[in-house]
Amino acid sequence: MDATGNTVNTTPRLGRYTIDSDTSSLSFRTRHVFGLLPVHGTFAIRGGTVEVAEPLSASRVHAEVDAASLRTGNAQRDAAVRSSKFLDAGRYPLITFASDRVDATTVSGTLTVCGVSRPASLSVVRSEVFADGFTVRAVSRVDRTEFGVTAARAMAGRRLDLTLEIRCVRA
């Protein structure tokens, strides 16, 4: 219930939704220069789908991120991270996530970066349901070395804290 005593639906209606890439975002934080300086950046979400099912654990999420869309505000660093030394965006243009399990607080699945797939979990920290869709804010921490992104070990941060702001609209 909300503050007025009305029932609030926190689960979207059953069915298929598409991720609205224009209003969704993926941002990250990490550290560089021996962990001394913060780096903030974004990636563009290319698209994806969400299938809301009953039970909720049968729901599925698939999302695609454009690896070449990395932006940190430093053109030289961005070019280096997109290069074959790090993300190799020319060879691996997509970063993908496909869920295995969904519940009210966690979306678990497989994250694929640079052709390497590893288990990953997103913690849902906020969700809001609308008549035509829903929004979700989720967070995760990723260790880049688990995906073979190992260049500049001392200079570039090993872990990235991810924040996803996803808007899904009924398909």
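For the stretch 16-63, dividing the convex hull volume of the Cα atoms by the residue count gives 98 Å³ per residue. Directionally averaged projected area (the stretch 84-171, Cα convex hull): 6.6 nm².
What the Cβ-Cβ distance of LEU37 and THR145 gives, at R0 = 30 Å and to the nearest 0.05, is a FRET efficiency of 0.95.
With the cut-off at under 13 Å, measuring from each backbone N in the stretch 19-49 to a point 7 Å along the Cα-to-Cβ line of THR72 picks out 28-43.
Which longest uninterrupted range of the chain lacks any trypsin sites (Lys or Arg not before Pro) assigned by DSSP to a loop state (not H, G, I, E or B) and surrounded by at most 13 other Cβ atoms within 10 Å? Walk me through the numbers on the way to the answer.
On the way: sites that count: ARG13, LYS85, ARG91, ARG153.
Result for the longest clean stretch: 14-84.
3J(HN,Hα) couplings calculated from phi for the stretch 139-149 with the Karplus curve 6.51 cos²θ - 1.76 cosθ + 1.60 (θ = phi - 60°) are, in sequence order, 10, 7, 10, 10, 9, 4, 5, 5, 10, x, 8 Hz; Gly and Pro show x. In the distance distribution for the stretch 56-116, Cα-Cα pairs more than 14 Å apart total 59 percent. With the helix formula -39500 (n - 2.57) applied to DSSP H stretches of n ≥ 4, the chain reaches a computed 222 nm mean residue ellipticity of -1500 deg cm²/dmol.
On average, how much accessible surface per residue is there in the chain, in Å², for a 1.4 Å probe, leaving out ligands, DNA and RNA? It would help to have the intermediate numbers written out before the result.
Numbers: 9530 Å² over 171 residues.
Accessible area per residue: 56 Å².
For the stretch 43-156, carbon and sulfur atoms together expose 53% of the accessible surface, with a 1.4 angstrom probe and every protein chain in place.
Within the stretch 127-171, report the GluC sites (Glu not before Pro) that DSSP leaves as loop and that have at most 14 other Cβ atoms within 10 Å.
On the way: sites: GLU128, GLU146, GLU165; in loops: none.
Sparse-neighbourhood loop GluC sites (Glu not before Pro): none present.
If you plug the beta carbon distance of MET155 and THR11 into 1/(1 + (r/R0)^6) with R0 = 35 Å, you get a FRET efficiency near 0.20.
The values are calculated or read from the model by the stated rules, or taken from the named source; none is laboratory data. The structure presented is a predicted model; accordingly, all values stated were derived computationally and were not measured. Neighbour counts are summed over all protein chains in view; Cβ atoms, including those assigned to glycine, are modelled from backbone coordinates with ideal geometry. Keep in mind that these areas ignore ligands, DNA and RNA; they rest on the heavy atoms of the full protein, side chains included. Shrake-Rupley method; radii C 1.70, N 1.55, O 1.52, S 1.80 Å.
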